[in-house]
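The next block holds one structure in the form of structure tokens; read it before the comments.
Derivation of every value follows stated rules applied to the coordinates shown; laboratory data play no part. From a predicted model like this one, the values you see are computed outputs, not experimental measurements. Please note: Cβ atoms are built from the backbone with ideal geometry, for glycine as well, and neighbour counts cover all protein chains shown.
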Amino acid sequence: MHTKKTYTVQEATRKLERYCAYQERCHKEVRQKLVSMHMIPEAIDVIIVHLLEHNYLNETRFAKTFVRGKFRMKAWGRRRLTFELKQKDISKVNINQALAEIDNAEYIEVFNGLAEKKANTMTETSTLKKKRKLIDYLLYRGWESHLVYEKTKELFG
């Protein structure tokens, strides 16, 4: 018979300290991890408070790190970043603070680079198909529609 591992509050706390120290986490991820460890709600609350008090868990820092990483590595636009953070139950205040850290000039530079790179690698012969593909690609990545349509017009007329 397979017995499920049980943790004392101390063991779970240490485990979650390592979990949070390894990479920034949001409250939702930490709560899910504790639930998967079969911790009772009271213990979960105690552990989360401990992690907050000892700065292992910081939602503002998480949001900023998340935005920086996804913007730099995946070239996500503000709409996708906002959507993904909302999925993680990050507050509007923290989302806005994190997005404010993206330099506008860099934002436009990344957008233009991404759009031009994609446009140059498309094999479609039909201009209409190229436009549609580029628009879908950029919107999926969360770039604002006014930027997407202006750029598509600039590239394909």
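Here's the list of lysines a cross-link from LYS5 could span, going by alpha-carbon distance under 26 Å and ignoring same-chain residues fewer than 8 apart: LYS15, LYS28, LYS33. Ordering VAL67, VAL9 by the number of other Cβ atoms within 10 Å of each residue's own Cβ, fewest first, gives VAL9, VAL67. With kT/(6 pi eta Rh) evaluated at 10 °C and eta = 1.306 mPa s, and Rh the Kirkwood radius from Cα pairs, the chain diffuses with a coefficient of 88 µm²/s according to Stokes-Einstein. Only DSSP H runs of four or more residues enter the estimate; each adds -39500 (n - 2.57), and after division by the residues of the chain the mean residue ellipticity at 222 nm equals -23500 deg cm²/dmol. If you wrap the Cα atoms of region 83-157 in a convex hull and average its projected area over all directions, you get 5.6 nm².
Take every pair of alpha-carbon atoms less than 8 Å apart whose residues are at least six positions apart; their mean separation over the length of region 10-86 yields a relative contact order of 33 percent.
In terms of surrounding Cβ atoms within a 10 Å radius of their Cβ, ILE47, ILE95, ILE135 rank from fewest to most as ILE135, ILE95, ILE47.
So which helices of the chain fit the span-like rule, where a helix is a whole DSSP H run, its Cα atoms reach 15 Å or more along the axis, and its mean Kyte-Doolittle is at least 0.0? Flagged H segments are 41-53. Going down the list LYS86/LYS151; LYS133/LYS153; LYS130/LYS151, which pairs span over 24 Å between their C-alpha atoms? Listed pairs above 24 Å: LYS86/LYS151. Relative contact order of the chain: 21 percent, from C-alpha pairs under 8 Å at least 6 residues apart in sequence.
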